[in-house]
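Q: Handing you this structure, nothing more for now.
All of the numbers you see were taken from the coordinates with simple rules; none came from a lab. Because the structure is predicted, anything quoted here is derived from the model rather than measured. Glycine gets a Cβ as well: all are built from the backbone with ideal geometry, and neighbour counts include every protein chain shown.
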Amino acid sequence: MADETDDAHTDDTAPGDEAREALAAELSGLLGDAVVETHIEAGQNLWLRIEVEHWRTALAALREHGFVYFGFLSAIDWSDAPEGRYEDTEFDAAGIGEDDDATSATAAETVRRGGGETRFQMLAQLHAPARHAAVLIKADLPDTDGTPAAVPSIVDVFAGADWHEREAHEMFGIVFDGHPNLEHIYLPTEFEGHPLRKDFPLLARAVKPWPGVVDIEEIPPELEAQLEAEVMAEFEASGAGA
């Protein structure tokens, strides 16, 4: 267990970060061994990563501690899609996935704020309105053959989590023990599979690429020079270059 605030941003602090550091220490003391680690996202958020077996009890304790406003609950699948990626992102350039590269490790932590060791993670956000504070809670979900482990429902703690848990169940296949009605929200009842898992086949995108992802043909050098000359001629004729 690590109950000390991640100091990765010590040299890049922002207004409010000292208060977040104090809150991290306070909540680590409140939750004790349930906390795996804390993380300050400079100028943005406080993250608490907790043991999944303490998910419900930790959120209930936070509610009793003044974090009475439920923001959201969701999940994420960190695995790579079997068919690969359609386009690169700013994180690909940093080489995420190369464990021996310090730069890639920093970029990976930027994505997995607060750390994580499993394919699936669950996320929730709580607010304490009276003290103008918020916290993002996350937990690693073990999986068996791609099916994430069941977790206790928090509907009896935060009624607003009802449809959030239903959505996470529908999209990721997470079972929330104790939820009164884990029925589909968006998809037909007979629909099979969980669309937000990375191994769910997006057949429509195998036929048609994502909008905006297209092959770009290079302009021949002679045509590029001609076009540049024409643009410059129009620019000078307009008097804008005077």
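Q: How much net charge surrounds Trp55 when only the other residues with a Cβ under 12 Å from the Cβ of Trp55 are counted, with Lys and Arg +1 and Asp and Glu -1?
A: Neighbourhood net charge equals -2.
Q: Once R0 is set to 30 Å, what does the formula 1/(1 + (r/R0)^6) return for the Cβ-Cβ distance between Asp199 and Asn45, expressed as a FRET efficiency to the nearest 0.05?
A: 0.55
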